Amino acid sequence: MNYFRTAILLAGLTGLFMAVGAVIGGQSGMMIAFFVALAMNAFSYWNSDKMVLRMHGAHEVDEASAPGYYSMVRELSQNAGLPMPRVYIMENDQPNAFATGRNPDNAAVAATTGLLNTLSREEVAGVMAHELAHIKNRDTLTMTITATIAGAISMLANFGLFFGGNRDNPLGMIGTIAMVFLAPLAAMLVQMAISRSREYEADKLGAEICRQPLWLASALGKIAGSVKHVHNNAAERNPATAHMFIINPLSGERMDNLFSTHPNTENRIERLQEMAGAMPAAPRTRVRHEGGSVPSTSADQGPWG
C-alpha cells in the first residue's frame, strides 16, 4: 500500500511539474519538464535522503561521539525489528527530529541539539521511536521524494514568475501568474494530504516501540511549545521539508504555514494518553507543557532510566 501511495503521489507531483513547464514554455516546456521530472524522480529515489540531511546541516555520529544517543537508537531499533539506521545530529536550538531514507536498510534518523539538550532521556526515546516507526512503515521514501519534488515545483514556479512565462499559452498572462502562485500551494496540499494519517500511525507504532506512550506525549507537548519561540533557520530556508519533522518546524511567519502538514498536537497527545490508559498501570507524574499537563511515567521506568 505504501508503494502504491508513493507511485500515486509521484505521478501527481510529476503532472503538476509538467503543467508548470507547459505554462512557462508551452509544449516544448512541458516535454522538457517531463524528462526533468523523470530524472529528478530517479535521482530523488537514490539521493534525496542525502540532500535533506545536507539542507539541515546534519552530521553523522557514532557510538564514540554520541554514546547515549547512539545506543538509545540501537536499542529502539532492536525493539522495532529494524536494521540499525545511520544516526545524525543537527546543530539547531529548536527541539525537533526527522527520519529519511528509501527503505529500512538505507535509513537515517536525525535529531537537533535542542532536542537532545532540552528533553529528558525518556522523551527523546519517545521521539526517536516515532521516527523509527516512519522507517518501519516505509514512510520515509514518500517524505524525502515529496520534499524534493515539491521544492522543485516551487523553484520552477518562481522561475516562471521571474521570466514572465509563455506569453502565447491559452491561459494568458493572468493564467500564467495564477499557475506560478497556485502550483506551490497545490504541491503543499499534496504533502498535507498524506501527512496527518501518517503521523498518527507513527505515533501509535512509536509508542509500541518504546513501550511508553506517555514519553512521546510529553515530548510532543514540549516540542510544540518550543517551536513557537525557537526558530529553525534551515527549515525556514527549505519549507518543502517541514512535513518530515515530528512537529512542524516553521515559525508561522511565512505564507507556507497557512496550511499545517501535521495533525493538531493536542489531538496526538490525547490519542497517546488513551493508548497509555489501555496499558497496565504504571507510576505517573505530571509533566508541564504549554496548554496543560501531560501524565508521564516516572523517570526510573523503562529501559532508559
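The values are calculated or read from the model by the stated rules, or taken from the named source; none is laboratory data. It should be emphasised that the depicted structure is a prediction, and the values quoted were computed from it without experimental measurement. Here Cβ is always computed from backbone atoms with ideal geometry, including for glycine, and neighbour counts include all displayed protein chains.
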Could you figure out which of (1) part of a loop (DSSP other than H, G, I, E, B); (2) touching a Ser or Thr at 6+ places or on another chain (Cβ under 6 Å); (3) of a type outside the set (Val, Ile, Thr) isn't true of residue 83? (2)
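Residue-wise test of (1) at positive phi; (2) touching an Asp or Glu at 6+ places or on another chain (Cβ under 7 Å); (3) of a type outside the set (A, V, I, L, M, F, W, C); (4) modelled with pLDDT of 95 or more.
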residue	(1), (2), (3), (4)
65	no, no, yes, yes
72	no, no, no, yes
75	no, no, yes, yes
83	no, yes, yes, yes
86	no, yes, yes, yes
89	no, no, no, yes
95	no, no, yes, yes
103	no, no, yes, no
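Quick check: is even one residue across the stretch 65-76 part of a loop (DSSP other than H, G, I, E, B) and of a type in the set (A, V, I, L, M, F, W, C)?
Of the residues in the stretch 65-76, the ones part of a loop (DSSP other than H, G, I, E, B) are 65-66.
Narrowing the set further to residues that are of a type in the set (A, V, I, L, M, F, W, C) leaves 66.
Yes: one or more hits.
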Do you know which of the residues in the stretch 92-112 that are without any contact (Cβ under 8 Å) to a residue 60 or more places away in the chain and of a type in the set (A, V, I, L, M) is farthest from residue 247 (Cα to Cα)? 107
Spans of helices (runs of 4 or more DSSP H) in the stretch 198-305 with at least 2 residues modelled with pLDDT of 95 or more and under 16 Å from the mean Cα position of the chain (by Cα): 213-227
Within the stretch 105-129, the count of residues that are buried (at least 19 other Cβ atoms within 10 Å of the Cβ) and either within 15 Å of residue 49 (Cβ to Cβ) or under 11 Å from the mean Cα position of the chain (by Cα) (or both) comes to 4
Going by the structure shown, is residue 16 outside any loop (DSSP other than H, G, I, E, B) and either within 16 Å of the chain's Cα centre (by Cα) or without any contact (Cβ under 8 Å) to a residue 24 or more places away in the chain (or both)? no
Cross-chain or 6+ apart pairs with Cβ under 8 Å, the stretch 266-278 first and over 15 Å from residue 218 (Cβ atoms), then among the hydrophobic types (A, V, I, L, M, F, W, C) and surrounded by 14 or more Cβ atoms within 10 Å (Cβ to Cβ): none
